[in-house]
Amino acid sequence: MAWGSAGFKSCKNLLDRIEKNDPSLVELVVLPMKNFGDEDLKRLSEIIESGKNNNLKSISASGHRVSPESLFLLGKALASENGRYITKVAIGDEHMMDEGIISFCEPLIEVNGGNIEELDLAYKNITKTGAKIIGETFGRSKCMKRLELYRNPDMGDEGITDLCHAAITRSGSSLCFKNIEYLDISECQITGDGMIAFADCLTNGESSENVRSSALELQVSKNDIGPEGCKHIAKLLSNQDGRSSIISRLSMKKCVLGDEGFEILVNAFKEDCSRLLFMDLSDNEIGAKGALHVSEALTANSRNIKSLGEVILANNPLEEEGILKLAKSMQKEENAIHTLDLSGTKCGVNGAVEILQCPTLKSIRLFNNNLSCDGFEAITPFFIGGHATIEHLDLGGNRAKESAVATLLHAIMMDVDSMESKLATLEIGGNEVGEIVEEILREMETTRPEIDVARDRPSVEQPNDFGEEKA
């Protein structure tokens, strides 16, 4: 790898090394403090197309302004026979826009995107015009594995629809984006309407005989997907209509789901979701009613979600009532979830106590739940000598007094012969940490060195998410 950060701002030395086919320069990373313009990109394109270099695999030059003319030359070089060695590309800045996208893609259309496996076109001010040619260029690609289009708000529903329709047209009866493993369309002003074409695109050509080799990590955060969009995403989570589930990891932070949208998603668990590994549904206005939906789904359909190991529900007002229902369903042995984030959910003391008794959980985040001293005292009996199953516990931001923190740490330090503790990481920042706790932590470094305790000592009081002051 070569980082464009040392010495003066010119990229000449890096380009000289590329032209000499330096075997140690496999990844070109041009950092923002470097000057990388049209002449540099033109020279790089000429080197690639000439065949002088067959060691360079990756070009990362995001944040640098380059013209449509030089982008065309790069696309032409990558489409050539000698461009086959380049598999990763990140190029241009917010001035790239549709004109730059079209210039880059046009030479690549006839070769279905060439050998590009990873393409970063985030924050390029793409509209539906640029989105369409992206679908036309890469929709039929057998190489594309990772496509990043986040922070292109002018794409909107029309953009994602045109991209998907172009991919379907180009692919015919074949799978669109056949080998895609990661797609990020966060912050693109997409609503439920845009999800219709999106689901059609990913299911195009799928059947029991024609399935994807790998499932997809999908990032759609910070779009107003809503309950209507959840109907189409839910179709991608489970086996339906003779095809397998398509999504392995789903991130839908701040997508305005509410209880209704959440219910639609978890209803997908009624069918086989064996590829689903991870869900992040934080900041979606999901309340106690939504928690009831997921607890019922977990109880009734555990065999269909046996691979679902990590769930993030942070910053949803689940309340203690909702957490208790969730904990009840997760305390069964068939539950597969091992990592759970309930930060900022107003879980309550009883909710925290119950969730800590879920036998499959290895990592639990209870950050910013205002558990205070009562909460710390209630959970302390579960951590005498450490913990038999929990490896990571986040109790940060709960505004507990130092005495309660000290009591918990003393309990963890106790020697219990009958238990082999798994506890490796404890987070206590955002609670009162004074000299007493610091002394205990110094002792723990000797007696329990296997436990990493993360803490801080904030000097400025700031309001938390619920308008209260941090201790």
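The values are calculated or read from the model by the stated rules, or taken from the named source; none is laboratory data. Remember, predicted model here, so these are calculated numbers, not experimental data. Note that each Cβ is placed from the backbone with ideal geometry, even for glycine, and that neighbours are counted across all protein chains shown. The area values use the complete protein model at the heavy-atom level, side chains included, leaving out ligands, DNA and RNA. Shrake-Rupley method; radii C 1.70, N 1.55, O 1.52, S 1.80 Å.
I want to confirm something. Restricting to the stretch 174-188 and keeping residues that are over 18 Å from the mean Cα position of the chain (by Cα) and of a type in the set (S, T, N, Q), which single residue is most open to solvent (accessible area, probe 1.4 Å)?
So, considering only residues that are over 18 Å from the mean Cα position of the chain (by Cα) and of a type in the set (S, T, N, Q), the one most open to solvent (accessible area, probe 1.4 Å) is S174.
Among the helices (runs of 4 or more DSSP H) lying completely within the stretch 57-173, list those that include at least 3 residues that are open to solvent by less than 10 Å² (accessible area, probe 1.4 Å) and farther than 30 Å from G192 by Cβ.
The qualifying helices (runs of 4 or more DSSP H) are 68-79.
One line per residue, one yes/no per condition, for (1) modelled with pLDDT of 95 or more; (2) within 33 Å of the chain's Cα centre (by Cα):
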{"position": "T407", "(1), (2)": "yes, no"}
{"position": "V416", "(1), (2)": "no, no"}
{"position": "A424", "(1), (2)": "yes, yes"}
{"position": "G429", "(1), (2)": "yes, yes"}
{"position": "V437", "(1), (2)": "yes, no"}
{"position": "T447", "(1), (2)": "no, no"}
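Buried (at least 21 other Cβ atoms within 10 Å of the Cβ), touching a residue at least 12 places away in the same chain (Cβ under 8 Å) and more than 18 Å from L342 (Cβ to Cβ), is that true of I225?
Yes.
Take the residues of the stretch 430-445 that are assigned to a loop (DSSP other than H, G, I, E, B) and out of contact with any Leu (no Cβ under 9 Å at 6 or more places or on another chain): which is most open to solvent (accessible area, probe 1.4 Å)?
E432
Are there any pairs with C-beta distances below 8 angstrom linking a residue in the stretch 442-455 that is of a type in the set (A, V, I, L, M, F, W, C) to a residue that is assigned to a loop (DSSP other than H, G, I, E, B), with the two at least 6 apart or on different chains, and if so which?
That search, which allows pairs on different chains as well, returns M444/I451; I451/G386; I451/L423; I451/A424; V453/I428; A454/G396; A454/I428; A454/G429.
Enumerate the pairs (first residue in the stretch 85-111 and closer than 17 Å to Y123 by Cβ; second residue anywhere and at pLDDT 95 or above and among the aromatic types (F, W, Y)) with beta-carbon separation below 6 Å, excluding pairs fewer than 6 apart on the same chain, so at least 6 apart or on different chains.
Short answer, once both residue conditions are applied: E94/Y123.
Scan (1) within 23 Å of I264 (Cα to Cα); (2) open to solvent by 20 Å² or more (accessible area, probe 1.4 Å); (3) outside any helix (DSSP H, G or I) for the single condition F367 breaks and write down its number.
F367 satisfies every listed condition except (1).
Out of the residues in the stretch 177-223 meeting the condition of being within 21 Å of K128 (Cα to Cα) and of a type in the set (S, T, N, Q), tell me which one is modelled with the lowest pLDDT.
By that ranking, first place goes to N204.
Does the stretch 242-259 hold any residues that are closer than 16 Å to N210 by Cα and open to solvent by 10 Å² or more (accessible area, probe 1.4 Å), and which are they?
G242, R243, S244
Quick one: which residue in K328, K332 is among the charged types (D, E, K, R), surrounded by fewer than 18 Cβ atoms within 10 Å (Cβ to Cβ) and part of a helix (DSSP H, G or I)?
K328 is the lone residue from the list that is among the charged types (D, E, K, R), surrounded by fewer than 18 Cβ atoms within 10 Å (Cβ to Cβ) and part of a helix (DSSP H, G or I).
Kindly provide the set of residues from the stretch 32-56 that are assigned to a helix (DSSP H, G or I) and either of a type in the set (D, E) or surrounded by fewer than 15 Cβ atoms within 10 Å (Cβ to Cβ) (or both), ordered by number.
D38, E39, D40, E46, E49, S50
Please find, among E39, E81, E110, E106, the residue that is among the acidic types (D, E) and closer than 25 Å to P153 by Cα.
E106
For the stretch 249-267, which positions are out of contact with any Pro (no Cβ under 6 Å at 6 or more places or on another chain), assigned to a helix (DSSP H, G or I) and not hydrophobic (A, V, I, L, M, F, W, C)?
G258, D259, E263, N267
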